[in-house]
Amino acid sequence: MIVPVLRRIGVFALTAVLASIVIFALLSVVPGDPAQVALGLSATPEAVAAQRAAMGLDRPVVLQYLDWIGGLLRGDFGVSAVTRRPIGTELLSRVGITAALVLSGMATALVIAVPIGVLAAVRRRRPDGVLLSGLSQVGVAVPAFLAGLLLITFFAVQLRWFPSGGWVRPGEGVGSLVSHLVLPAVALGLVQGAVIARYVRSAVLDVLREDFLRTARAKGLTPGRALVRHGLRNAAIPVLTVCGVQLGVMLIGAVVVERVFVINGLGSMLLEKVGTRDMVAVQGIVVVLVLAVLVINLIVDLLYTVVDPRLREST
């Protein structure tokens, strides 16, 4: 059990190092000089050269990368070329907002996907099952920003049940935080819930055709009890893989939802820094996003052994 876990952690570490090299290399060749951005267009060539030396940009690329990755390992993301303030402080505050939005969106997606997917599979030959399957297909085609705009129009503007946008800190009140979180979480979770529901339906259909489920029913269990006791756990393995992938997709999709609901999360920060060509900050944000996706994949790999006892026996 320990060896496979260590192997997966080693793969994660190697992938993270390779990803950091790719990010640094790609953003290093993007047009634009961070020293020029820091001083402005009116700076003289001598001042730009001095600023490049102060920022270490005149050093070999390998040494620049080693300095950058060493700072990341110490929690130092550098100093913004535009605001001249440490990037890590702002990044830390924005990460918490995006994490709360993504996790609540995934919880919403699972609440929607699991019952709809299971019912669509169990009642696939009945009108309500066909209707649920059709609704999930329609949900896949709806963009998250459109769902957000519709939710704002109906629940915020017309009914005035929830605020149309903005964000509050947890210290300002849990009720206020939840009210600001509901609409963006639902907008983010509706689309991903429709996607996951399709995979839940497919996984449950595969399980319903298995011999062990027929054996459980032959021993006296009702179809529903046999599915709950023996089927859902086996159906959860492919669904778990899809949830890991969709969680990464949701993390990127949060960029659009944050703009619709005027939430100052990591996505909004990324768009701001790209607009001001603050490449030092962009590097830090992209690394955080990539590491988050890699951590999600690592957690999914480790959860396989928890869900599937066959994997534990093989290890």
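The values are calculated or read from the model by the stated rules, or taken from the named source; none is laboratory data. In this text, all values refer to a predicted model and were calculated from it rather than measured experimentally. Note: ideal-geometry Cβ built from the backbone for every residue, glycine included; neighbour counts use all protein chains shown.
Observations, loosely collected:
- Pairing residues of the stretch 119-146 that are farther than 14 Å from Val195 by Cβ with residues that are part of a loop (DSSP other than H, G, I, E, B), at Cβ distances under 6 Å and at least 6 apart in sequence or on separate chains, gives Gly129/Arg123.
- Set side by side, the residues Val182, Val178, Val157 differ, and just one is in a helix (DSSP H, G or I) and either under 25 Å from Pro238 (Cα atoms) or in contact with a Phe, Trp or Tyr (Cβ under 8 Å, 6 or more places away or on another chain) (or both), which is Val182.
One line per residue, one yes/no per condition, for (1) assigned by TED's automatic domain parsing to the domain that holds Leu18; (2) acidic (Asp, Glu); (3) under 25 Å from the mean Cα position of the chain (by Cα):
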{"residue": "Gly71", "(1), (2), (3)": "yes, no, yes"}
{"residue": "Arg74", "(1), (2), (3)": "yes, no, yes"}
{"residue": "Val82", "(1), (2), (3)": "yes, no, no"}
{"residue": "Ser104", "(1), (2), (3)": "no, no, yes"}
{"residue": "Leu132", "(1), (2), (3)": "no, no, no"}
{"residue": "Ser136", "(1), (2), (3)": "no, no, yes"}
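- Only one of the numbered conditions (1) exposed (fewer than 13 other Cβ atoms within 10 Å of the Cβ); (2) modelled with pLDDT under 80; (3) small (Gly, Ala, Ser) is not met by Ala81, and that is (1).
- Answer residue from the stretch 114-154, given it is outside any helix (DSSP H, G or I) and either in contact with an Asp or Glu (Cβ under 9 Å, 6 or more places away or on another chain) or not aliphatic (A, V, I, L, M) (or both) and is nearest to Arg94 (Cα to Cα) among those: Pro143
- Criterion: within 23 Å of Gly165 (Cβ to Cβ) and modelled with pLDDT of 80 or more - qualifying residue of Val260, Val286: Val260
- Of all residues in the stretch 27-62, those satisfying the criterion of being at pLDDT 70 or above, more than 16 Å from Asp278 (Cβ to Cβ) and not polar (S, T, N, Q) are Pro45, Glu46, Ala47, Ala49, Ala50, Ala53, Arg59, Pro60, Val61, Val62.
- Subset of the stretch 72-92 [part of a helix (DSSP H, G or I) and either among the charged types (D, E, K, R) or in contact with a helix residue (DSSP H, G or I) (Cβ under 9 Å, 6 or more places away or on another chain) (or both)]: Leu72, Ile87, Gly88, Glu90, Leu91
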